[in-house]
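These notes concern the structure reproduced below.
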Amino acid sequence: MDQMKRAYELLKEWKGDSYVHGLGVLDQVGPLAAAFGKRALVVSNTTYMKPVADRVVSYLQGSGVELAGNVIAPDAKPNAPREDVYRLESYILHTKPDSIVVIGGGSAIDAVKAANALAALGAKVTPEIDHYFGTNVVSDALAKTNTTLIPVIAVQTSASSGAHLTKYSNITDPVVGQKKLIVDNALVPTVGLFDYETTVSMPISVTIDGALDAIAHTFEVFCGAKEATYEKAKQIAECAISLVAEYAKVLVDDPKNVKAREAIGLATDLGGYAIMIGGTSGAHLTSFSLVDIVSHGTACGIMNPYYAVLYSKAIQKQLKVVGSIFSSFGFGSSVESLEGRELALAVADAMIAFSKSIKAPSKLSDLKGFTDAHIERALSAAKDPQLEMKLKNMPVPMTSGDVDVYMGPLLRAAASGDLSLIKEM
């Protein structure tokens, strides 16, 4: 099967005309913004992303859309620190745009999502970002106050996030080094745009991080899929993981390969599709406590093999599918005759072999700056009620009382690379 063609079909089925993506589509941003009015607040990095930002501004002006405030608002730092959310809220309140055009990766888009909600609700509910963490808090507040958000056009430039397509906004408190999450359909960008050619200018490390995130999103959702979503989650996972397994190494060897860039972009988009039909779980939860030492996708890439063993009893069907994909691309041997923990260990080994093939870390001790304090932080965060959804989304749901019993040994296994330390749930 042509997995790239299948990816386009799946994304069209999901987003219809609200998503513009492919090669050479950046110029469509002008007409998209013009549909919402004459003034757009543009949010972008203006150093290494300046060539893309300049093109976007020229396309906007060519469609009769002016820059609100006559400036480009600086985007967010990595992992969307909360202070950048407040700063972008201020730009929105002062410039009063008809639309917001955010150019960048997940951090920029997540920060704009949260800032847009704060600008709309801060004076009516509370200006404190902490209030909105959790599920559907923004939607509830919008309904109660009869308020609407400003339309957002999310111009993705990095195959490292599904932020331009999804309801999630990850915001970090840099003081304690912990990431928290807003989950709300109100935050889905009005229109998403991704010209996969723009990723050629991105560092290869960013794209590889996105490739690992694509696997994480689709694998975690597939593992936790219920009967109603199982087949669709399987289709998405098969397509995305196949694209990453085939093309990630190509990009490591040839970062300018446009076809490989397109393939990884499609895979990360499918990751966005996955997390809109189901939830991520353990690896994502742990990644939130590693923000000070590693990027998000890579953190998830490290953790998923270990969680695969933890969930082993509940995900035998999924492990067969995923193990077969990896073995077909030369990562691990056939899993057809395996079952139980032996199957989970084989798939975990294949995932680790894939990570090593693209020069990604495969255990926590590979990370510069990793200490036992990160394990303690992750265990503490797992018990936070605002992150409880990740425990409930596990293939075998975990309670806060289970965290030390099961997650503690798993994190020590991930630190050392010793899969035998993991207790199955």
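Applying the criterion of being touching a residue at least 60 places away in the same chain (Cβ under 8 Å) and open to solvent by 10 Å² or more (accessible area, probe 1.4 Å) to the residues of the stretch 302-317, the residue that is farthest from Lys234 (Cα to Cα) is Lys313. When the stretch 24-57 is filtered for residues that are part of a loop (DSSP other than H, G, I, E, B) and either touching a strand residue (DSSP E or B) at 6+ places or on another chain (Cβ under 7 Å) or basic (Lys, Arg) (or both), the ones remaining, listed by number, are Gly24, Val25, Phe36, Gly37, Lys38, Asn45, Thr46, Met49. Please go through the stretch 137-156 and pick out each residue that is under 26 Å from Ala33 (Cβ atoms) and surrounded by 14 or more Cβ atoms within 10 Å (Cβ to Cβ). Passing the criteria: Val138, Ser139, Leu142, Thr147, Leu149, Ile150, Pro151, Val152, Ile153, Ala154, Val155, Gln156. For the stretch 247-256, filtering for residues that are free of Cβ contacts under 8 Å to residues at least 40 places away in the same chain and surrounded by fewer than 15 Cβ atoms within 10 Å (Cβ to Cβ) leaves 2.
Candidates Ile109, Ile72: the one that is out of contact with any helix residue (DSSP H, G or I) (no Cβ under 9 Å at 6 or more places or on another chain), modelled with pLDDT of 95 or more and β-branched (Val, Ile, Thr) is Ile109.
Restricting attention to the stretch 95-136, which residues are among the acidic types (Asp, Glu), surrounded by fewer than 21 Cβ atoms within 10 Å (Cβ to Cβ) and closer than 15 Å to Glu83 by Cα?
Matches in the stretch 95-136: Glu128, Asp130.
The residue list Val71, Val43 contains one member that is among the β-branched types (Val, Ile, Thr), farther than 23 Å from Gly272 by Cα and touching a Phe, Trp or Tyr at 6+ places or on another chain (Cβ under 9 Å), which is Val71. Entry remark, the stretch 318-344: residues being among the hydrophobic types (A, V, I, L, M, F, W, C) and open to solvent by less than 10 Å² (accessible area, probe 1.4 Å) number 6 in total. Taking only the stretch 105-129 into account, find how many residues are free of Cβ contacts under 8 Å to residues at least 12 places away in the same chain and assigned to a helix (DSSP H, G or I). Summing the residues that are free of Cβ contacts under 8 Å to residues at least 12 places away in the same chain and assigned to a helix (DSSP H, G or I) in the stretch 105-129 gives 0. Residues in the stretch 271-294 that are surrounded by fewer than 24 Cβ atoms within 10 Å (Cβ to Cβ) and either within 18 Å of Val403 (Cβ to Cβ) or in contact with an Asp or Glu (Cβ under 7 Å, 6 or more places away or on another chain) (or both): Gly279 only.
Among what's in the stretch 357-389 and is of a type in the set (A, V, I, L, M, F, W, C) and either open to solvent by 30 Å² or more (accessible area, probe 1.4 Å) or not in a helix (DSSP H, G or I) (or both), pick the residue that is farthest from Ala415 (Cα to Cα).
Among those residues, the one meeting the criterion is Met389.
Considering (1) surrounded by fewer than 24 Cβ atoms within 10 Å (Cβ to Cβ); (2) in a loop (DSSP other than H, G, I, E, B), the lone condition that Thr166 does not fulfil carries the number (1).
Against the definition (in contact with a Gly (Cβ under 6 Å, 6 or more places away or on another chain), within 27 Å of Tyr273 (Cα to Cα), open to solvent by less than 70 Å² (accessible area, probe 1.4 Å) and not hydrophobic (A, V, I, L, M, F, W, C)), how does Gly30 come out, yes or no? Steps first, please.
Working: in contact with a Gly (Cβ under 6 Å, 6 or more places away or on another chain): yes; within 27 Å of Tyr273 (Cα to Cα): yes; open to solvent by less than 70 Å² (accessible area, probe 1.4 Å): yes; not hydrophobic (A, V, I, L, M, F, W, C): yes.
Answer is yes for this residue.
Among residues of the stretch 145-172 that are free of Cβ contacts under 8 Å to residues at least 40 places away in the same chain, those with a Cβ under 9 angstrom from a residue that is among the hydroxyl-bearing types (Ser, Thr, Tyr), sequence gap 6+ or separate chain, pair up as Leu149/Thr190. For the stretch 206-246, taking the residues that are without any contact (Cβ under 8 Å) to a residue 24 or more places away in the chain and either touching a Pro at 6+ places or on another chain (Cβ under 6 Å) or in a helix (DSSP H, G or I) (or both), the one that is most open to solvent (accessible area, probe 1.4 Å) is identified as Glu231.
Here is a yes/no grid of residues against (1) hydrophobic (A, V, I, L, M, F, W, C); (2) more than 20 Å from Glu220 (Cα to Cα):
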{"position": "Ile352", "(1), (2)": "yes, no"}
{"position": "Ser357", "(1), (2)": "no, yes"}
{"position": "Ala360", "(1), (2)": "yes, no"}
{"position": "Glu424", "(1), (2)": "no, no"}
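The values are calculated or read from the model by the stated rules, or taken from the named source; none is laboratory data. Source: prediction; values computed, not measured. Cβ coordinates were reconstructed from backbone atoms using ideal geometry, including for glycine residues, and neighbour counts include every protein chain displayed. Side chains included, ligands, DNA and RNA excluded: accessible areas come from the protein's heavy atoms. Shrake-Rupley method; radii C 1.70, N 1.55, O 1.52, S 1.80 Å.
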